[in-house]
Ligand code: NAP
């Protein structure tokens, strides 16, 4: 019989959200703990160890700001950190702030139930343990539930297969191997150039061509690091006032047709040469109007055609949707990789995949033999990890049932009927449309202040009002529908998961407006919530 463990707060997940949440709660004197399915900290970076994995937000910004000592002492080596370095940083944070002893690793939650008589959440784990808590914080990540491959014949396939989102920690040796990869999203765009260098042959199966901007990866110049460190507090403040939570983003004030064609060409070229996803911030209206968007898209397509030598392959690699509608990728020699003799591209719209067979992938027109197949097919984004935990709130209402028609939340932080439970970067918050760490820090601070307020005011339950949740849901929908992101079949709207209700999940109104609303709610005694 395993004893029950009782805490003021149980945090689920030891990624960047969970670790800062724990640090904050311990600092306020709460009895808090983390439960984490993995055997280490780092969340997404613990799982996604595929070759080439790296962040597309610059290292100096994709890092915690809450401790000046930490940001001054940590040395990032490259402009965009590799996954392994981010993981080292996560481990450093866990050790530096003494978090590790408060984290229960290898602990996967499979039910979370609220008892309204004593306002207690009960979390049960797969290994039969029970945790009880007054508050529960879901720091379970937004891209943490990878889509399992559901291709016909997968079990007949006798080679090795891997998912980018659950990459083996011992690595994969591609030398001398024939490899097939399905998917051309951010993960694949990063993995393909690296795998191609090692493998005997790589075949890429593409369903939708993706826009990608070169990362222009480089060793961080010491003078840039020194300048940022000298101005960190201003940069972090600016990040909280930037739409996407990036302090040093050069966001243009003009609209695209206010400048001459020569001027825009020069601006796009400058951003292409600089590298990274700041490309779409060149003009205010790139994500607002089709006309502006197509000018930016055409620039990228011209670059693809300049890089890729085979005109037919270049044409296939040119996206047909609007730029920025799906998440923009940042790459290192992605398009160049298609000039290699050992790489070929299959358009599965022309030649659909029927499934796998004993030796590889079978398409309508051809059988491909592979030693290794890689599935880079994405995630059940934003809701997958939450739904997997079987959360049951007041009156026995299941979160999965409540969210059948799409996730609805109050501020992306709480769900009505699920009191004392918070989500970090949940649906309805800027989350994946922002620098995740900027958003995480704001959420953690809001949640810890809220729990502290509850404690000081001797309140035992906080629950979002249905009306506030509905109003917020409408607002999230309104701001999303005003952007071009609303229209295409992206994981932002759940279109990559068959049967998932189409709803634009993240908050597209930008960080400043969002933070202002959160602050207003808190300073008005948690307006829109009922406190018991
Ligand atoms: P993704 O963007 O959802 O890409 C999945 C790819 O697999 C798409 O090309 C998709 O095609 C294809 N696909 C899905 N199901 C398929 C099927 N049944 N048959 C054939 N093709 C299929 O997933 P991801 O690449 O893992 O990236 C997800 C997100 O994680 C990114 O958008 C980004 O936010 C984050 N991420 C960030 C970084 C970074 O910081 N640099 C790196 C990796 C990931 P369709 O487009 O046609 O659906």
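Values quoted throughout were computed directly from the atomic coordinates according to the rules given, and no laboratory measurement underlies them. Quick caveat, the model's predicted, so the values are computed rather than measured. With ideal geometry, Cβ positions are generated from the backbone for all residues, glycine too; neighbour counts draw on all protein chains shown.
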Alpha-carbon Debye profile of the stretch 134-276, log10 I(q)/I(0) at 0.10, 0.11, 0.18 Å⁻¹: -0.63, -0.75, -1.23
Can you give the three extents of the C-alpha atoms in the chain along their principal axes, from longest to shortest, in whole Å? 69, 58, 44
Just the Kirkwood number for the stretch 386-441, please: inverse of mean 1/r across all distinct Cα pairs, in Å, one decimal. 11.9 Å
For a label point 7 angstrom out from the Cα of residue 68 toward its Cβ, which stretches of the stretch 1-40 have the backbone nitrogen within less than 20 Å? 24
Averaged over all directions, how much area does the convex hull of the C-alpha atoms of the stretch 127-183 cover when projected, in nm²? 7.2 nm²
Cα centroid separation, the stretch 113-178 to the stretch 476-507 (Å): 24 Å
Order of 432, 57 - criterion: other Cβ atoms within 10 Å of each residue's Cβ, fewest first: 432, 57
Find the centroid of the Cα atoms in the stretch 191-265 and in the stretch 317-350, then give the distance between the two in whole Å. 17 Å
Using DSSP, restrict attention to beta bridges with both residues in the chain and report what percent are antiparallel, rounded to the nearest 5. 40 percent
Note: residue 124 to residue 336 extended length (0.36 nm per residue) minus current alpha-carbon separation gives 71.4 nm
One quarter of the convex hull surface, Cα atoms only: what value does that give for the stretch 9-57 in nm²? 4.0 nm²
Relative to the present Cα-Cα distance, how much length would full extension add between residue 234 and residue 6 at 0.36 nm per residue of separation? 78.0 nm
Here the averaged projected area of the stretch 345-496, based on the convex hull of its alpha-carbon atoms and given in nm², is 13.0 nm²
Given only helices, namely DSSP H runs of n ≥ 4 each adding -39500 (n - 2.57), what is the per-residue ellipticity at 222 nm of the chain, to the nearest 500 deg cm²/dmol? -9500 deg cm²/dmol
Label-point gap, in nm, between residue 455 and residue 39 - each point 7 angstrom along Cα→Cβ: 3.4 nm
With just the Cα atoms defining each centre, how far is the stretch 1-69 from the stretch 378-394? Give it in Å. 18 Å
